[in-house]
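Before any comments, here is the structure.
A short reminder: the numbers here are calculations on the coordinates, not readings from a lab. On a predicted model such as this, the values are computed, not experimentally measured, just so you know. Cβ: placed from backbone, ideal geometry, glycine included. Neighbour counts: every protein chain shown.
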Amino acid sequence: MVSTKHFDYDRRLILPKALQPGDTIAVVAPAGKVDRTSLDAGVEALRERGLKVKVGAHVLDVYGHMAGADRDRASDFMAAFIDPVIKGVFCVRGGSGSARIIRYLDMAYLASHPKIFVGYSDITALHMAFAHYAKWPTFYGPMVATETECCRNDDCFGVLWNLISNPEPAGILSLPPKHGVSSVNMQTLHSGIATGALLGGTLCVLESCIGTPYSPNTEGKILALEDVSEPPWRVDRMLTHLEQAGIFEMANGFLVGCLSDQEVNPENIEELPIVQSLMDHLGKLDKPILYGYPFGHIDQPLTLPLNCRVQLDANQHTLDILEPAVG
């Protein structure tokens, strides 16, 4: 078992308040521009689940490939956290642009005013900023208007709902048995059990955070990585960068999802397989590595409660949530 002596058990003092039916959530678009039809469908699904929904003023704005100008997207974001009526903040989609708004956010205010915050993909940059400045849990999970429509999927939303509405440890994450585990099979690349706070997100976005004020601090953490549509050679290059930046050496263990469409249907058989890249960069560290865990850019993703203490069992293919994510 990996040592957890570096784990900071007193890393935060406050938790977001649990969400309940009838509460109001805000829908914001920190990144890519939004399709109105998908937005409407996602908002309606949330309302059908008993939530009141307030859509940000600039969600349907367009600035190139993004959902409006940086300051406007940041304004919606801050307004959602300042409004006392709003109990949770859900992102519409990923894409690109989340990192551009961080300079306009009042992180000191956000650090002392926790709310449920949900999103994945490009939203990784905001999760990294929260992990650095705020320390309270955020949720790497379903968005309102994504291609996989996972926020409208009852089972996937059920996992998220349990995490954000129940002030008890969630235990081992799983979907109902009828769905199996995911579209990719889980593999133990290195055996073992590790405990630590959960940190991570989309590989390419996490890599882009290196060198910023919110560069990932993986000391004593379980590092979660996933991505989509990246060719194996790019995955290897990003893993090389993370290794050389010292990101892997400090972590206690590794939870890896699907990293590329091409690892399932490779177009170039001469490329180094992603599994081998993972072993080259992580295997020598003698720490647990679970590959193919179902989160992120897949049809049936689990929600990960980032900054919560978890136990990764690479032998049993499980992630056990050891503490509440909400209060």
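Any idea how many residues of segment 55-91 are of a type outside the set (Gly, Ala, Ser), within 17 Å of PRO16 (Cβ to Cβ) and surrounded by 15 or more Cβ atoms within 10 Å (Cβ to Cβ)?
So in segment 55-91, the residues of a type outside the set (Gly, Ala, Ser) come out as 55, 58-63, 65-66, 70-73, 76-78, 81-87, 89-91.
Imposing the further condition that a residue be within 17 Å of PRO16 (Cβ to Cβ) reduces the set to 77-78, 81-87, 89-91.
Add one more test, that the residue is surrounded by 15 or more Cβ atoms within 10 Å (Cβ to Cβ), and what stays is 77-78, 81, 86-87, 89-91.
Qualifying residue count, segment 55-91: 8.
Just to be sure before I move on: is VAL85 touching a residue at least 40 places away in the same chain (Cβ under 8 Å) and in contact with a Phe, Trp or Tyr (Cβ under 8 Å, 6 or more places away or on another chain) in the structure I sent?
no
Taken as a whole, the structure places LEU306 among residues that are of a type in the set (A, V, I, L, M) and under 18 Å from LYS221 (Cβ atoms).
Would you tally the residues in segment 116-142 being out of contact with any helix residue (DSSP H, G or I) (no Cβ under 6 Å at 6 or more places or on another chain) and crowded, with 19+ Cβ neighbours inside 10 Å? Residues meeting the conditions: 13.
Considering each residue of segment 19-59, count those that are without any contact (Cβ under 8 Å) to a residue 24 or more places away in the chain and more than 21 Å from LEU126 (Cβ to Cβ), and give that number.
Of segment 19-59, the ones without any contact (Cβ under 8 Å) to a residue 24 or more places away in the chain are 37, 40, 44, 47-48, 57.
If we keep only those that are more than 21 Å from LEU126 (Cβ to Cβ) too, we end up with 37, 40, 44, 47-48.
Summing the residues that are without any contact (Cβ under 8 Å) to a residue 24 or more places away in the chain and more than 21 Å from LEU126 (Cβ to Cβ) in segment 19-59 gives 5.
Of the residues that make up segment 150-162, is at least one of a type in the set (Lys, Arg), under 25 Å from ASP299 (Cβ atoms) and more than 16 Å from the chain's Cα centre (by Cα)? Yes, segment 150-162 contains at least one residue that is of a type in the set (Lys, Arg), under 25 Å from ASP299 (Cβ atoms) and more than 16 Å from the chain's Cα centre (by Cα).
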